[in-house]
Structures are given as structure tokens and as C-alpha cells.
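Got a structure for you, written out below as C-alpha cells; questions coming shortly.
All of the numbers you see were taken from the coordinates with simple rules; none came from a lab. These figures come from a predicted structure and were not determined experimentally.
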């Protein structure tokens, strides 16, 4: 169907939606892209892209614009809460032949994807209803406008309205973590991805270029604290390593509750979910953006190769489910490892941690 006049709507202009728009344009389609939020920058946060994300960016022909951005990450250091070494993962070895790992500001990747997506994004266009017809979808927006599409792609995140409107699933399930994110410009000289593991909590810091540090911390829980900065300092105040200096430099924190989405199917009629709308997990493996980028590549390939939309959606889901299921299961595995009491966990990680953590990505080293 490459180059065909298919009418395609992509709902959501985050990483998933813009990546899908880019991939579809490369395959000869001309999708419309809508976003319910107005244009503008979101909270300043960092993003870590493992090697499979770099491979997907190459397939989208966006590796060139991304290459000057951020900081290439060569190894992951795991420390205990006091700052003593547990293990180290050589990322250059792990991702050999796949791609380099990179950390950068999320907004910088978003700008690259926005440029790569081509056409304009229609902001403030929230979908009100979806009418699933035999071979199309009727869409009405909150402003009263309406249109008909051959395919509607919900790329609107874990709390997807498209998922609800198409009766593909309800709200996401809390994954049981409260997460704290911030970016520091005057922190200590951390040069590598460094995580400190405590009791049902962890603190990660990674350089993202231009002297900036992305800090990510999580603790078990399902409720947002009233004062996120105070809570961050309370939970991690006893940590060692670079954490005391990092906490001293914190001025603001973006706090969130992790979501998990697990669905029996990703499409209904001519409505399809991609990215976190279909398969969100806790961010423990840093695979949210990577899975979205891979989704985009595979969806465009499936639409271009198949004889009709319905066959393409079946082919797409059959290719993507094993990888997203692997990410979900390995995310849960790693979270369980973190939740083991340090007296039992830390000796195990000192002996076998590099192999345990590297194994979590094994399936993702293979082709899409």
C-alpha cells in the first residue's frame, strides 16, 4: 500500500506519534497528526536511549540529527545505597552491532522528531468520539469538526483516550512506583550512567550533555507526595556516592506515578494503539521511547507490505507483541530484583550483576 491515498490520523504528538508520522511519510503515506495539548515545552527532563533506540532512529533516517545531541553512554555503574560498587555493564559490548547508547534532553529528541515528521501538527484537537465503520473510522473533535479516516492510530500515551473510545481497554494499572525527575546544571562531576540501589528505592544520575545531569529516582508507592522535593530528600538523604551533592543542588522535581498497560488486543476495526497507549511499563529498563520508535518502523513496513489495512494490523501486532512482552516481563524481573532486601541482593549483584542486567536486553539485540 506504499504511496496509496490512505487517510491516516495519528492522535498524539509525543515521541510515539511523531515517530509514526515520520515512518509513514518515509513509506509514502501522508498522515494527519493531532495533539490535544497546545504547543509548548513540557517539564525539562532527560531521556536515556539504549542501543535498540539508536537502531530504530537509523531506520527512520534520524540518527544524523540526533548524533550531536546529548552524551554517549558507554557503561552502567550499579552501586549500593552507600555508594559502594555492585557491578558494571559494558554497554559498548552489550549493544555491539546494534547501536550506541545515548542520554539527552527529551525536548531535543522531540524537536528532531517534529522536524522529521514533516507536516504540521494540529494542536488543541482533542478527539471526542470514534465511530468504527466497516472499513473506516468516523472521528469527531471537541471543536465540532469531523472527518473520516481509513486508519486511526492512537499514540496518546498510557492514559490514552483513543483506547477508551475504541473500547480497547480502560485506565492503566499503577505499576507501584512513585518517580521523581529533574535536570541539574550545577551538580557533581558524574561522567557515566550511575544508579544507587536501596531498599525498594533507587536513584539514577546520567549526564545528558552541556554539563547537565538527568536525575531519576523512584520508591515503592502509588500516591504523589505533597512536597516532592522534601520527599526526595527524605527518602534519599542517607544515600552515599554523588547523591548528597545532587540533593543539595535540586530546586524542582517533576513527580509522577508509573503506569502499566497490558491489553488483549491492540486494534479494533481500523483503530490501532502504539507506544505507551498499547504497552506501557514502568521505566526501569528505559525502553518506553525505544519501543515507540520500533513500533513506528514496524508499522510503516507492515502497511507498505500488506495488501490491505486489516492484514497490515495483524502483521504489525504479531511482530511487535513478543518484544513488548519481553520488555514488560524483564521490567517486572528487574523491579523484583530491586525489591529484594539488600543483604541478599547486593552479594548476588557483586558476583553476577553484569550478567543479570545484561540478560534483560537479550531479545532486543535481535532484529525487529
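Using just the helices of the chain, give the 222 nm mean residue ellipticity in deg cm²/dmol: DSSP H runs with n ≥ 4 each add -39,500 (n - 2.57), and the total is spread over all residues, rounded to 500. Mind showing how you got there, number by number?
On the way: 12 runs with 133 residues, N = 368.
My calculation for the chain gives -11000 deg cm²/dmol from helical runs alone.
Have a look at 251, 262, 126 and tell me which one the Gaussian network model of the chain (Cα, springs below 10 Å) gives the largest fluctuation.
Maximum among the listed residues: 251.
Any chance you could give the angle, 0 to 90 degrees and rounded to 10, that helix 342-359 forms with the longest Cα principal axis of the chain?
Long axis of 342-359 versus the principal axis of the chain: about 40 degrees.
A further question on this structure: Using the Cα atoms of region 247-301, I'd like the radius of gyration and the largest Cα-Cα distance, Dmax, both in angstrom.
When restricted to Cα atoms, region 247-301 yields Rg and Dmax of 15.2, 53 Å.
Whole angstrom only: what separates the Cα centroid of region 142-182 from the Cα centroid of region 229-263?
Distance between centres, Cα-based: 27 Å.
Now, a different point. How large is log10 of I(q)/I(0) for region 114-191 at q = 0.27 Å⁻¹ when the intensity is taken from the Debye formula with one equal scatterer per alpha-carbon?
Those come out to -1.33, one per q.
Cα axis of helix 106-117 to longest principal axis of the chain: angle in degrees, 0 to 90, nearest 10?
20 degrees
Please determine, in degrees from 0 to 90 and to the nearest 10, the orientation of helix 15-26 with respect to the longest principal axis defined by the Cα atoms of the chain, where the helix direction is its Cα long axis.
It works out to around 50 degrees.
Given 4 °C and 1.567 mPa s, compute D for region 143-228 with the Stokes-Einstein relation, Rh being the Kirkwood radius over Cα pairs; round to the nearest whole µm²/s. It would help to have the intermediate numbers written out before the result.
Numbers: Rh = 16.6 Å.
Approximately 78 µm²/s, per Stokes-Einstein.
At 0.36 nm per residue, and after removing the present C-alpha to C-alpha distance, how many nm does the segment from residue 234 to residue 159 gain when stretched out fully? Write down the numbers at each step before the final one.
Numbers: separation 75, 0.36 × 75 = 27.00 nm, distance 2.97 nm.
Taking residue 234 through residue 159 to full extension adds about 24.0 nm, to one decimal.
Also, I was wondering about something else. Of the candidates 207, 171, 38, which one comes out as most mobile in a Gaussian network treatment of the chain with C-alpha springs shorter than 10 Å?
38
Here's something else I'd like to know. I need the semi-axes of the equivalent ellipsoid of region 182-296: take the C-alpha gyration tensor, multiply each eigenvalue by 5, square-root it, list largest first in whole angstrom. Intermediate values should be presented prior to the final figure.
Values: eigenvalues 197, 59, 28 Å².
Result for region 182-296: semi-axes of 31, 17, 12 Å.
Once the Cα atoms of region 307-367 are picked out, what are the Rg and Dmax in Å?
Answer for region 307-367, Rg first and Dmax second: 16.8, 57 Å.
Multiply the residue gap between residue 254 and residue 321 by 0.36 nm, knock off their C-alpha separation, and tell me the result in nm, one decimal place. Show your work: numbers first, answer last.
Numbers: separation 67, 0.36 × 67 = 24.12 nm, distance 3.09 nm.
Between residue 254 and residue 321, full extension yields 21.0 nm more.
Okay, next question. Enter the mean projected area of the convex hull around the alpha-carbon atoms of region 115-268, in nm², rounded to one decimal. Don't jump to the answer; show the numbers that get you there.
Working: hull surface 50.6 nm².
Hull-based average projected area comes out at 12.6 nm².
Please compute, for the alpha-carbon atoms of region 13-148, the extent along each of the three principal axes and give them in descending order in Å.
Computed over the Cα atoms, the extents are 59, 34, 29 Å.
Kindly provide the Kirkwood hydrodynamic radius of region 214-368 in Å, to one decimal, from all pairs of distinct alpha carbon atoms. Before the final figure, lay out each step's value.
Values: mean 1/r = 0.0547 Å⁻¹.
Roughly 18.3 Å, rounded to one decimal.
Next question, about the same structure. Compute and list, largest first, the equivalent-ellipsoid semi-axes of the chain from the alpha carbon gyration tensor, each √(5λ) rounded to a whole angstrom.
Values: eigenvalues 260, 89, 75 Å².
Its equivalent ellipsoid spans semi-axes of 36, 21, 19 Å.
Using a Gaussian network model on the chain with a 10 Å cutoff between Cα atoms, which of 238, 286, 161 fluctuates the most?
Of the options given, 238 has the highest mean-square fluctuation.
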